[in-house]
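Here, each number is a calculation from the coordinates, and none is a lab measurement. All figures in this text were calculated on a predicted structure; none of them were measured in a lab. Counting neighbours? That spans all protein chains shown, and the Cβs are built from the backbone with ideal geometry, glycine included.
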Amino acid sequence: MRILDSGTISTIGTTETLRVRTFPSLVALSDGTLLVACKAGSNKDSDDGTIEMFRSSDNGTTWSGPTIPFAPTKVDGLRGSYALCYMTELESGHLLAACMWVDRESYPGKPLFNPDTEGCLPMAILLSDSYDFGNTWTALRKVPLPDEIGPPSLTNPLIKLASGSLLMSIETNKPYTDGSKWHQKVVFLPSRDAGKTWEEAVSAVYDPTGRIFNWDRRVGVAHDGTIATFLWTYDSEVKTYLNIHRRLSSDDGATWSEAEDLGFADQAGPPAVLANGSMVLCWVDRFGSRSIRARFASSVDEGFDQNTEIEIYHHELPDKREAKTVTTGETLEDMGLWTYGLPYAATLPDGNVLIVYYAGNHTTMNVRWCRISPLM
């Protein structure tokens, strides 16, 4: 693979108050348009977080925007902010956006994760439809979720299967003040009516001992329907991030293969699936090379060839605390300090791949893009 060109989606002006743009997502629409959504706020975990969208009609070379698709929204009467937004094109022009909303009223001024309990602020998943390629959006609606999920983390766009059904990938969290042992799970919720209703959650990844956490599950669907998931894996006993693990399903997520260690760490981004069935996976190597990298695999179940690896972004200074992290709560707290990451890859109409990610410093971060050729 090789880098063709790169750039910044929108430079932050000196008078802007929302100076931190993070958590980008990308969708290549059927009309050739690219649409990027990101969180914009005064800091990475600010309670003024909103969703911005940018649009490109030339494969990502230039961008228009931002637009603000969603007004501030109360959920169950409580004030909150947006953390991220993912978009899925269900049919030509019909998009379904899934937003993660954070309650900022129940524990005012508190960070997203409680470093003492490992609990999380109350959250909700909100959905909105667009029938004009993302130019206008319907009113947001809340997805009802069972209480046992706790605050729901959304780490992937809604997954469209060959049958037309959707899967929503949700990670469980503990309530903010819950000091009990955290048994983290990853579940799928199916929908058979384009996201209007959702069926009972099905457990997909779970360590019953509570030692291994499987965070930020990213999902790619091959042309034959095979689902591949890539997991950011954390060992809470030795306080160490492990290598990325892949699991495969050939029955729409009903059953899964054993976890496969891909041999490199640590946090994957959503992969790009190419027309010939090959795949490009990008990831953040935060504690090794301090960079964002990408590799190529000839199919969804093949290995990612080390010889194809390229560096998308290099961060000059470490983002972690000087002292050794000693608790999982502090590890969660550190995530709010990182100033680069969350790559997201999508296949372009011309067969190349666009990767978006965020990078900057603690006062200003922006969404950047890199276009690569997957050809060897």
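Listed values for the range 162-171 are Karplus-derived 3J(HN,Hα) couplings in whole Hz (6.51 cos²θ - 1.76 cosθ + 1.60, θ = phi - 60°), namely 4, 6, x, 6, 10, 10, 10, 9, 10, 9, and x replaces Gly and Pro. Net length available on complete extension from THR136 to HIS223 is 28.3 nm, with 0.36 nm assigned per residue and the Cα-Cα distance removed.
Computed extension length for ALA162-ASP58: 34.6 nm, one decimal, from 0.36 nm per residue of separation with the Cα-Cα distance subtracted. Summing +1 for each Lys or Arg and -1 for each Asp or Glu among the other residues whose beta-carbon sits under 10 angstrom from that of ALA40 gives 0. Measuring against 30 Å, Cα to Cα, the residue pairs LYS174/LYS196; LYS142/LYS239; LYS196/LYS239; LYS74/LYS160 contain LYS142/LYS239; LYS196/LYS239 as the ones spanning a longer distance. A Förster radius of 25 Å combined with the Cβ-Cβ distance from SER250 to GLU199 puts the calculated FRET efficiency at roughly 0.80.
Positive contributions from Lys and Arg (+1) and negative ones from Asp and Glu (-1), summed over other residues with Cβ under 11 Å from the Cβ of CYS85, come out at 0. In this Cβ point-charge picture (+1 for Lys and Arg, -1 for Asp and Glu), the range 206-307 has a dipole of about 480 debye about its Cα centre. Each peptide in 301-314, 349-362 was scored by the mean count of other Cβ atoms within 10 Å over its residues; highest first, the order is 349-362, 301-314.
Our helix-only sum for the chain, with -39,500 (n - 2.57) per DSSP H run of n ≥ 4 divided by its residues, gives a mean residue ellipticity at 222 nm of -500 deg cm²/dmol. Between SER92 and GLU311, the simple label model (points 7 Å from Cα in the Cβ direction) yields a spacing of 4.4 nm. Take each peptide in 158-167, 131-140, count the other Cβ atoms within 10 Å of every residue, and average; sorted highest first, the result is 158-167, 131-140. Under the criterion of Cα pairs below 8 Å and six or more residues apart, the relative contact order for the chain equals 16 percent. The ranking of SER299, SER57 from fewest to most other beta carbons within 10 Å of each one's beta carbon is SER57, SER299. Taken one residue at a time, the phi angles of the range 273-290 give Karplus couplings (6.51, -1.76, 1.60, θ = phi - 60°) of 9, 8, 4, 8, x, 6, 9, 10, 10, 10, 7, 9, 9, 6, 10, x, 7, 6 Hz. Gly and Pro are set to x. Under the shape rule built on the C-alpha gyration tensor, where the axes satisfy a ≥ b ≥ c, the range 75-214 is oblate, since a/c reaches at least 1.5 while a/b does not exceed b/c. In this structure, the amide hydrogen of GLN267, modeled 1.01 Å from its nitrogen in the peptide plane, lies closer than 5 angstrom to those of VAL284, ARG286, counting only residues at least 5 positions away or on a different chain. Database remark: amide H of CYS120 closer than 5 angstrom to the amide H of ASN114, LYS174, TYR176 (H placed geometrically; neighbours at sequence offset of 5 or more, or on other chains; Pro and chain starts carry no H).
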